[in-house]
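Enquirer: This is the structure I want to talk about, given as C-alpha cells.
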Amino acid sequence: MRRMLVAGNWKMQGSMHSTREWIDRVKVTSSPSCDRVVFPPFPYLGAAVEAATTGELAVGAQDLSEHAEGAYTGEVAASMLRDMGAEYVLVGHSERRQYHAESDAVVAAKFLAAVSAGLQPVLCLGETLEEREAGKTEEVIQRQLGTVLEQCGLSAFTAAIIAYEPIWAIGTGHTARPDQAQQIHAFIRSQLAGRDAKLARMTRLLYGGSVKPDNAAELFSEADIDGGLVGGASLQAADFLAICAAAC
C-alpha cells in the first residue's frame, strides 16, 4: 500500500506568497512510493493548484458544505472545489467538530457530498482527553465511523482515507505512543473488516497527532499506520520533507 502524507494543519494561516513558496520547495522532491497532499486555506486554493501542477503534489480543501448548492452564504460546495482543481477534502476535523458544533450526522453528510462530487474525503476521527481517560476511546471512534458508514454506505469508502487524530495530542506537544496509535488504527481497520475485509486492507489509515521528524519513523513502522496527517510540522517545508523521508 502506498504511503500518504498530508500537510493538513495550515488552518487560517499563511499568505499567497508563503503558500507558493512552500509548494515550490516540496513539489521538486520526488517521493515515488508516497502520495503527498497539501490543504491550504480557501483563498489560496486556486494558487496552490496552479503551483502544484508540475510536481508530485496534490491539493485538497480544509472543509466543504454538505449542500450541493443553494442559499448558503459563505459555504463552498464540493463541486466548486472540484472545479478549482482540488482532489481531496478534510471531513470532520476536530476543530470543525469542536468550534463549529459539527455533529456526526453533519460530518456524514459532508462525507457523502465529497464522494458524490468525485473528491476523496479524508475522514477525521478522534477522542478528547476526557474520553480517553474515561476509557471511551473505542466507543467514540466506533460512533463517529459508524454514523458515516450507516448514512453513506460501505461503497462510499472505496475512495476514502481515514485519519485518527486524538484531540488530546493536537497542538499540545503530546503524541500517542506508537503502540497506542497502532491499537486504535487496528481497531478502525477491524471495524471496516467486519463489513468488508478487502476494503479494510485497502483503506489507508493516517495518524494525526503531533507527528514530527523525530517521531515519524517510529510511528510509521506500525503495521496499521499508513501515513500521517501532519500538524504544525507541516508549516515548515523542511520539516514536512523530513517526515516524508521517514515515511517513504
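Enquirer: In segment 5-48, how many residues are closer than 15 Å to PHE240 by Cα, among the polar types (S, T, N, Q) and either touching a residue at least 40 places away in the same chain (Cβ under 8 Å) or surrounded by 16 or more Cβ atoms within 10 Å (Cβ to Cβ) (or both)?
Expert: Looking only at that region, the number is 4.
Enquirer: Now for a different question. Assess whether LEU219 counts as being of a type outside the set (Phe, Trp, Tyr), surrounded by fewer than 18 Cβ atoms within 10 Å (Cβ to Cβ), in contact with a helix residue (DSSP H, G or I) (Cβ under 7 Å, 6 or more places away or on another chain) and under 26 Å from VAL38 (Cα atoms). Steps first, answer last, please.
Expert: Working: of a type outside the set (Phe, Trp, Tyr): yes; surrounded by fewer than 18 Cβ atoms within 10 Å (Cβ to Cβ): no; in contact with a helix residue (DSSP H, G or I) (Cβ under 7 Å, 6 or more places away or on another chain): yes; under 26 Å from VAL38 (Cα atoms): yes.
For LEU219, the condition - of a type outside the set (Phe, Trp, Tyr), surrounded by fewer than 18 Cβ atoms within 10 Å (Cβ to Cβ), in contact with a helix residue (DSSP H, G or I) (Cβ under 7 Å, 6 or more places away or on another chain) and under 26 Å from VAL38 (Cα atoms) - is not met.
Enquirer: From the set of residues in segment 1-16 that are within 16 Å of ASP239 (Cα to Cα) and among the aliphatic types (A, V, I, L, M), which is nearest to the chain's Cα centre (by Cα)?
Expert: That would be VAL6.
Enquirer: Any idea how many residues of segment 96-135 are of a type in the set (Gly, Ala, Ser) and not in a helix (DSSP H, G or I)?
Expert: Our first condition is that a residue be of a type in the set (Gly, Ala, Ser); within segment 96-135, this holds for 101, 103, 105, 108-109, 113-114, 116-118, 126, 134-135.
Those still in the list that are not in a helix (DSSP H, G or I) too: 101, 103, 117-118, 126, 134-135.
Looking only at that region, the number is 7.
Enquirer: Here are ASP214, ASP239: which of them is part of a helix (DSSP H, G or I), closer than 25 Å to TRP10 by Cβ and charged (D, E, K, R)?
Expert: On the way: ASP214 fails: part of a helix (DSSP H, G or I).
From the options ASP214, ASP239, the qualifying one is ASP239.
Enquirer: Is there any pair linking a residue in segment 90-102 that is farther than 13 Å from THR128 by Cβ to one that is hydrophobic (A, V, I, L, M, F, W, C) and assigned to a loop (DSSP other than H, G, I, E, B), with Cβ under 9 Å and at least six apart or on different chains, and which?
Expert: Between residues of segment 90-102 that are farther than 13 Å from THR128 by Cβ and residues that are hydrophobic (A, V, I, L, M, F, W, C) and assigned to a loop (DSSP other than H, G, I, E, B), the close pairs are LEU90/PHE39; LEU90/LEU64; VAL91/LEU64; VAL91/ALA160.
Enquirer: On to the next question. Across segment 170-196, what is the number of residues that are among the hydrophobic types (A, V, I, L, M, F, W, C) and either on the phi > 0 side of the Ramachandran plot or in contact with a Leu (Cβ under 7 Å, 6 or more places away or on another chain) (or both)?
Expert: Narrowing segment 170-196 to residues among the hydrophobic types (A, V, I, L, M, F, W, C): 170, 176, 181, 184, 186-188, 192-193.
From the residues that got through so far, the ones that are either on the phi > 0 side of the Ramachandran plot or in contact with a Leu (Cβ under 7 Å, 6 or more places away or on another chain) (or both) too are 181, 188, 192.
The qualifying residues number 3.
Enquirer: A further question follows. Among the numbered criteria (1) part of a helix (DSSP H, G or I); (2) in contact (Cβ under 8 Å) with a residue 60 or more places away in the chain; (3) of a type in the set (A, V, I, L, M, F, W, C), which single criterion is violated by LEU206?
Expert: (1)
Each value in this text was obtained by applying a stated rule to the coordinates, not by laboratory testing. These figures come from a predicted structure and were not determined experimentally. Because the Cβ atoms are built from the backbone with ideal geometry, glycine has one as well, and the counts that use them run over all protein chains shown.
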